[in-house]
Amino acid sequence: MPGLTIDAYRGIFAILPTPFNKDLSVDYGALESIVDFCAACGVHGVVTPANASEQPMLMDEERYKIIETAVARAAGRMPVVAGVTAANAYIAEKLTRQACGAGADALMAMPPYIVKAGPSAIKEYYLAIDGAAGVPVIIQNYGGPPVGTPMSPQLMLDICAASERVWFIKEECQFSSQLITETLKLAKQRPDNKLAGIMGGKAGKFIIEEHIRGSAGNMPACEISDVHVKIWNLCVEGKFAEAQVMLDIVQPLLNFESIYGSFCYKEVLRRRGVIPAAYSRSVGDPHFDEYDIKELDRIMEAITPLFDVK
């Protein structure tokens, strides 16, 4: 049976954007190309579908086929984390069984994201996922509107303690670096602690600070995975000054990405020859205008020398 081990939950777990054809159907061939690109970049794992995958814009049957495609293409080269975020515990349980049936190595979920739930309902939701899962589960603590429901460190640790396989957290709420420190500190004080690791998000903007605070890694979108992997590896080697130089060079892109979301991820992948087009179903992200295109041209010129995968 597949499964993400505690030791393997470290490094860069890249989130796969969902590529679309011009008619906005899923381009599964392009998805396979993205998986191959991530493998060539040396990522430690891949994640799909998640927020950077436009998960709320996908139909349930598409979510299953995306996971199935990613698992088949990864072919054991790296673990595949399947997103099973849902509107309620009933649907999340069904998605969990599908993802495990497709061969996912781990699962990740935010709390219910349409009608928001309170702490007790959130706990029941994760326990429903845990009960249906045959693999480890990651709590995604995302605070951004409109889908996010921030959870306290105490609640997340309570969920871990009450579950069999909820072992990991992805922390990407406001003040995420401080929350990583707080959660790890509280975990050490609990005799019932089952937390095995926390990863950051936020496009890897704070990857160095998070590493110093004890994070297990980061889950950014995948368009510069080779650079994110190099930054993480430098941190592991204790070469923080070198890592900071590299991070400073790519920060303009990460800032640009935070504004334009899926349009940015996909346009960079298109420019790198990974996918043929940058179509998106997202209704919330603004499209590029002529000035944005010129700014992205400038940013890409500066960071292209850092790419290992051409």
Per-residue ellipticity at 222 nm attributable to helices in the chain (runs of n ≥ 4 DSSP H, -39500 (n - 2.57) apiece, nearest 500 deg cm²/dmol) works out to -14500 deg cm²/dmol
extent check for the stretch 1-139: Cα max minus min per principal axis, descending, whole Å, gives 42, 40, 23
Note: the stretch 175-310, point scatterers on Cα, Debye, no solvent; log10 I/I(0) at q = 0.10, 0.11, 0.16, 0.19 Å⁻¹ equals -0.39, -0.46, -0.87, -1.09
Nearest-0.05 FRET efficiency for S258 and A302 at R0 = 22 Å, using Cβ-Cβ distance, is 0.80
Given unit charges at Cβ for Lys, Arg (+) and Asp, Glu (-), the dipole magnitude of the stretch 23-170 about its Cα centre in debye, nearest 20, is 320
For the K239, Q178 Cβ pair and Förster radius 22 Å, calculated FRET efficiency rounded to 0.05 is 0.35
Per residue, the convex hull enclosing the Cα atoms of the stretch 11-225 spans a volume in Å³ of 109
On the formula 1/(1 + (r/R0)^6), with r taken between the Cβ atoms of T5 and I91 and R0 of 25 Å, the FRET efficiency rounded to 0.05 is 0.35
With N residues in the stretch 47-121, Rg(alpha-carbon) / (2.2 N^0.38 Å) equals 1.08
Checked against a 32 Å limit on the C-alpha separation, the offending pairs among K22/K116; K194/K230; K22/K230; K94/K170 are K22/K116; K22/K230
Other residues with Cβ under 13 Å from the Cβ of L31 give, with Lys and Arg +1 and Asp and Glu -1, a net charge of -2
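Where a number appears in this text, it was derived from the coordinates with a stated rule and is not lab data. Predicted model, so just to flag it, every value in this text is computed and none were measured. Note that we place each Cβ from the backbone using ideal geometry, even for glycine, and neighbour counts take in every protein chain shown.
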